[in-house]
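Derivation of every value follows stated rules applied to the coordinates shown; laboratory data play no part. All figures in this text were calculated on a predicted structure; none of them were measured in a lab. Note that each Cβ is placed from the backbone with ideal geometry, even for glycine, and that neighbours are counted across all protein chains shown.
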Amino acid sequence: MNERILHKNLAAGRWYELSLAEQMGNIGGEVSRARLSQGKDGERFWGAVARGLELFNLTLADKRWGERRKEIACAYEVFCDAVLGGKEYDSDLESLDRYFTYFALSAMRQRQIALALFS
């Protein structure tokens, strides 16, 4: 199998410097891109899905998350279900997009606090 790494910089180690909220927020960006292109542009849709799955796998490989990997794995499974039509869990990309938005907002807030502390 010929696997192509889509996020080379992140896979090289930068991903493991991000907080969980930042990692999940980045996954959410791909979920959002998949949602916006679903049913409209197959190439963009499947590209976003592939990138999202890669980011999920990088997050699951991050040993810092320990028991939290169960929740990450569950989100991964629900994402796969949504991409394939939501037949197992009645999931959809719109709901997942909302779920991941909270992580992105949390990551932004963490950055704002860090900037305020160090300025």
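The mean sequence distance of close C-alpha pairs (under 8 Å, at least 6 residues apart), as a share of the length of segment 57-119, puts its relative contact order at 16 percent. What you get for segment 14-117, charging only the Cβ of Lys and Arg (+1) and of Asp and Glu (-1), is a dipole of about 380 debye around the Cα centre.
Under 8 Å for C-alpha pairs, at least 6 residues apart: give me the relative contact order for the chain, rounded to a whole percent. Could you put the intermediate results ahead of the total?
Numbers: 108 pairs, mean separation 37.7, N = 119.
Answer for the chain is 32 percent.
Among Ala82, Ala73, Ala34, the largest mean-square fluctuation in a Gaussian network model of the chain (Cα springs under 10 Å) belongs to Ala73. Dividing the helix sum by the residues of the chain, where each DSSP H run of 4 or more adds -39500 (n - 2.57), gives a mean residue ellipticity at 222 nm of -22500 deg cm²/dmol.
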